[in-house]
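Presented below is the structure to which this report refers.
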Amino acid sequence: MTRLFWRAADIRLVRYLMASVGALAVDVGLFLLLLQAGLLAALASAVGYCAGILAHWLLSSRTVFQDRVAITARDRTRQKALFVASALLGLAITTLIVGAADAASLDPRPAKLFAIGVSFTATWVLRSKVVFRARI
């Protein structure tokens, strides 16, 4: 039974990783498209990030945690709010790590890669244990 549990958890984690890659592609793709269209970089970044959150919700709720999506409208709204809060926490983690590296005169690119890993781990834990917690 324990082995089956870990296998299922591994599959869910792989699906979550793929959903994250898809959401990142939406985020960066839209960001680059809007930059090319002449939109200010900060606004293009914000729009891309928001689109990435939406893409991640759709992918996560339909392919990763489909068995844990809330049934009632009220509970689903709560779940969406928690999902956005977890995304904002991921953004804060990334911003703090990259900002700290920059303040320490370190190359922000490796810091960004490190931050992506930390943010991914934090949002995975929050989403799997809180946002999409198993129904009892």
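Values for this structure:
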read-out	value
Boolean, LEU58 is under 16 Å from the mean Cα position of the chain (by Cα), closer than 21 Å to ARG135 by Cβ and assigned by TED's automatic domain parsing to the domain that holds VAL130	no
Check on THR95, of a type outside the set (Gly, Ala, Ser), free of Cβ contacts under 8 Å to residues at least 40 places away in the same chain and at negative phi	yes
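The values are calculated or read from the model by the stated rules, or taken from the named source; none is laboratory data. Given the structure is predicted, the values throughout are model-derived calculations rather than measurements. A quick note on method: Cβ atoms are made from the backbone with ideal geometry, for glycine too, and the neighbour counts reach across all protein chains shown.
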